[in-house]
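Here is the structure we will look at, set down as structure tokens.
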Amino acid sequence: MAHSVLGSVTLGYELIWNQKRRCSGVRLFVEADSHSAVDAQHLVATITELWPESAPTLLLHILSPTLLSGLLDHTPTQGVWLEIQDSWLSDALLAGRVRKARTRGLPLVWHGEPGQAPDPAVADLFHKTLRMLTPHEALAALRVSLRQHQEGGAGAAQPGHSPIVAGSLYEGLASQALLEHALDRQGVWGVAGWPAEEILHAYRFRQIQPSQRLLRALVKAIEMDESLESLEHRMGDEPLLTYRFLRYANSAHLGARSEVTSVRQGLMVMGYTRLRSWLMEQIPHASSDPNLDPIRFAMVLRARIMERLADAGVEDDLRREVFLCGIFSQLDLLLGEPLGVAIHRLPMPGRIASAVVGQTGPYAPWLEVAAALESGNTRMIRDVCKAHKMPADEVNRALLRTLASV
């Protein structure tokens, strides 16, 4: 088998969110294998093949100056941006490549240390800036946000009052107040990462409900007489709704003749009319909090990656099990109770419970790898893949294909 360039790199990812709390981009961490040279042109060609124009913006965070230099020398790819570390611009050769790449139209994103801004001498080279706040700046931004709320929420802060710069990207925003200030008030292009734990902490005394938007979309899909496969896919986009649906499908009220262990089986048992009635009952109590959407999305994305990691030739029933394993692996965050308690309320196959509760069984390797990919810790990702004997080529291809489809 011919050697693939994806076998010579380790990839991890972080999602970028816009004001609507939709995924507007993917930050892809790329580390070259220290034991072999990576053909930058081949890597660009492979990414182009796997990343269609309809996919979100792809921001490449290259961890090797040598590989970055090679990528700067090649023709820009539609929808792909390159992140440039400010500290690397001190290298005259790399800085020269940055200037030439910008001249050719390659979108470049500047990235510096907390509180740092690009030097005016190079600022024009960059399409966007990726910034971080210092603790002092974060406090100043929170004070501006508080003042805006005290004034009744009318209008945005006056220019210069907030350290958050409109049109930029930000990473490391650690609180809901900072996120809302940056996205809703200051007009940033997007934020990398999402402080799920801090947002979920606000729900510690109240129950999280399924997404009202996704519930309404499901009802509309039923009214449009969409296929069973389409409804199954839509249901899978809401982990909490999927859990409640399976509990209801197995309840004495529904009276199923046998245990319902998959969404598809539940849909067939329930039928469109009863399903629509059940969904309509959920809507008045559903959640309209947009800050929960990225959390749900990330859970579903983990499950989709697990599907790709699993052998493409597995039976549909096993593929559905793998997906359920993925979306239920973080269910405790939404339910506010131990994962084992929640899983054992459902007649799930033992393979799912073993993976999500005990980190054992046939699905555990896919779950551990999919979870590891959700970071920029490429060393850890590489170690996990090796421990489970998953070739980098296969893992990276599955990851890129899944991310490109979001």
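Just so you know, all these numbers are worked out from the coordinates, no wet-lab data involved. Note that the structure is a prediction, hence the values are computed from the model and not measured. Heads up, the Cβs are rebuilt from the backbone with ideal geometry, glycines too, and the neighbour counts pull from every protein chain shown.
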Using a simple spin-label model with points 7 Å from Cα along the Cα→Cβ vector, what separation in nm is obtained for LEU318 and SER251? 3.4 nm
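Using a 10 angstrom Cβ neighbour count of at most 14 plus a DSSP loop assignment to flag exposed GluC sites (Glu not before Pro), which longest range of the chain is free of such sites? Could the numbers behind the result be given before it?
Numbers: sites that count: GLU53, GLU151, GLU259, GLU315.
Longest site-free region, per DSSP loop and neighbour criteria: 152-258.
For the chain, what does the helix formula give at 222 nm: sum of -39500 (n - 2.57) over DSSP H segments with n ≥ 4, over the residue count, nearest 500 deg cm²/dmol?
Numbers: 18 runs with 191 residues, N = 406.
Rounded to the nearest 500, the figure is -14000 deg cm²/dmol.
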In a Gaussian network model over the chain where Cα atoms closer than 10 Å are linked, find which of VAL26, VAL80, VAL122 has the largest mean-square fluctuation. VAL122
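Counting Lys and Arg as +1 and Asp and Glu as -1, what is the net charge of the other residues whose Cβ lies under 13 Å from the Cβ of ARG131? Could the numbers behind the result be given before it?
Numbers: positive: LYS128; negative: GLU83, ASP86, GLU113, GLU137, GLU171.
That sum, taken over residues with Cβ under 13 Å, equals -4.
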Connecting C-alpha atoms closer than 10 Å in a GNM of the chain, tell me which of ILE327, ILE305, ILE343 has the biggest fluctuation. ILE343
Using only Cα atoms, tell me the angle between helix 392-404 and the longest principal axis of the chain; keep it within 0 to 90° and round to the nearest 10. 80 degrees
GLN176 paired with LYS389, simple spin-label distance in nm, labels 7 Å along Cα-to-beta-carbon: 4.7 nm
Enumerate the amide H contacts of LEU60 below 5 Å, restricted to partners 5 or more residues apart or on another chain; note that Pro and chain-start residues carry no placed amide H. LEU28, TRP81, LEU82, GLU83
Only Cα pairs under 8 Å and at least 6 apart count here; give the relative contact order of the chain as a rounded whole percent. 18 percent
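In nm, what is the difference between 0.36 nm times the number of residues separating ASP332 and LEU142 and their Cα-Cα distance?
Numbers: separation 190, 0.36 × 190 = 68.40 nm, distance 3.00 nm.
Separation in residues times 0.36 nm, less the Cα-Cα distance, equals 65.4 nm.
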Relative to the longest principal Cα axis of the chain, at what angle does helix 378-387 sit, 0 to 90 degrees, rounded to 10? 50 degrees
What residues have an amide H closer than 5 Å to that of GLN116, excluding those fewer than 5 places away on the same chain, when H is modeled at 1.01 Å from N in the peptide plane? MET132
Hey, got the dipole for the chain? About the Cα centre, +1 on K and R Cβ, -1 on D and E Cβ, debye to the nearest 20? 640 debye
Helix axis angle, 239-249 relative to the chain longest principal axis, alpha carbon, degrees: 10 degrees
Can you list the HN-Hα couplings for segment 178-187, worked out from phi with the Karplus curve (6.51, -1.76, 1.60; θ = phi - 60°), rounded to whole Hz and with x for Gly and Pro? 5, 4, 5, 5, 5, 7, 8, 10, 8, x
Using each residue's phi in segment 116-124, evaluate 6.51 cos²θ - 1.76 cosθ + 1.60 at θ = phi - 60° and report the 3J(HN,Hα) Karplus result to the nearest Hz, with x for Gly and Pro. 8, 10, x, 4, x, 5, 10, 4, 5
Highest-first arrangement of 90-103, 234-247, where packing means the average Cβ count within 10 Å: 234-247, 90-103
Whole-Hz Karplus ³J(HN,Hα) for segment 139-151, in order, using 6.51 cos²θ - 1.76 cosθ + 1.60 and θ = phi - 60°, x for Gly and Pro? 5, 5, 5, 5, 5, 5, 4, 4, 5, 4, 5, 5, 8
